1. Looking only at region 89-109, how many residues end up being out of contact with any strand residue (DSSP E or B) (no Cβ under 8 Å at 6 or more places or on another chain) and aromatic (Phe, Trp, Tyr)?
2. If residue 42 meets every condition in (1) surrounded by fewer than 15 Cβ atoms within 10 Å (Cβ to Cβ); (2) part of a strand (DSSP E or B) apart from one, which number is that one?
3. Could you look through region 123-135, keep only residues that are surrounded by fewer than 18 Cβ atoms within 10 Å (Cβ to Cβ) and closer than 20 Å to residue 60 by Cα, and pick out the one that is farthest from the chain's Cα centre (by Cα)?
4. Please give the number of the condition residue 23 fails out of (1) under 18 Å from residue 98 (Cβ atoms); (2) touching a strand residue (DSSP E or B) at 6+ places or on another chain (Cβ under 6 Å).
5. What about residue 4, is it under 24 Å from residue 123 (Cα atoms), among the basic types (Lys, Arg), loosely packed, with under 14 Cβ neighbours inside 10 Å and modelled with pLDDT under 90?
6. Take residue 71 and tell me if it is of a type in the set (S, T, N, Q), surrounded by 18 or more Cβ atoms within 10 Å (Cβ to Cβ) and within 25 Å of residue 111 (Cβ to Cβ).
7. Which condition from (1) of a type in the set (Asp, Glu); (2) under 15 Å from residue 26 (Cβ atoms); (3) more than 16 Å from the chain's Cα centre (by Cα) is the one that residue 49 breaks?
8. Count, please, the residues in region 24-39 that happen to be part of a strand (DSSP E or B) and either surrounded by fewer than 18 Cβ atoms within 10 Å (Cβ to Cβ) or of a type in the set (Val, Ile, Thr) (or both).
Amino acid sequence: MGERPTDPRVKAAKRLERAGVKSIGTFDVGLVGYVAPDIAIVDLGGLTDRTIGRAPGYYYNKRPPPEYLLSRAPDAYLITSLAMPKAEGGDILVPPHYEPESYVMGQPWFAEQYSFVGVFKVNDAYFLTWFARKGAPGSDGAEKLGR
């Protein structure tokens, strides 16, 4: 498989690497994991993560154990959506595409520990929204998208 350097997911992985991100939680693990093998992936669907894989539910509706996610504390989350996230009242509204992402974003600790960095547009109907753990690489805004 070639790297497909123009694919926005490749650009996202490279941007995360440049920001010093060492671990991410995401549902879209394939190309990101391939292009950035030094970034540890927490696979929210559980295909490549045994702990999440053994959690109840099928791949598309897993509920990753919150205590496990807290113990892994990825530097960043890449949340997939089919619509461009919107800003509203100082908050960023992301309509997650997959149930595991919605579940993670609904955890009380998510808003406390992670902040919006930017959006990678994969195509007109697929977006990756970057949230960085506060204090983690990439969270200071130096790598904010659009700058």
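1. Within region 89-109, residues that are out of contact with any strand residue (DSSP E or B) (no Cβ under 8 Å at 6 or more places or on another chain) and aromatic (Phe, Trp, Tyr) number 2.
2. (1)
3. Restricting to residues being surrounded by fewer than 18 Cβ atoms within 10 Å (Cβ to Cβ) and closer than 20 Å to residue 60 by Cα, the top hit is 125.
4. Only one criterion is unmet by residue 23, namely (1).
5. yes
6. no
7. Of (1) of a type in the set (Asp, Glu); (2) under 15 Å from residue 26 (Cβ atoms); (3) more than 16 Å from the chain's Cα centre (by Cα), only one is false for residue 49: (3).
8. 2
The values are calculated or read from the model by the stated rules, or taken from the named source; none is laboratory data. Every value quoted in this text rests on a predicted model; they were computed, and no experiment measured them. Positions of Cβ are generated from backbone atoms using ideal geometry, with glycine treated the same way; all protein chains shown enter the neighbour counts.
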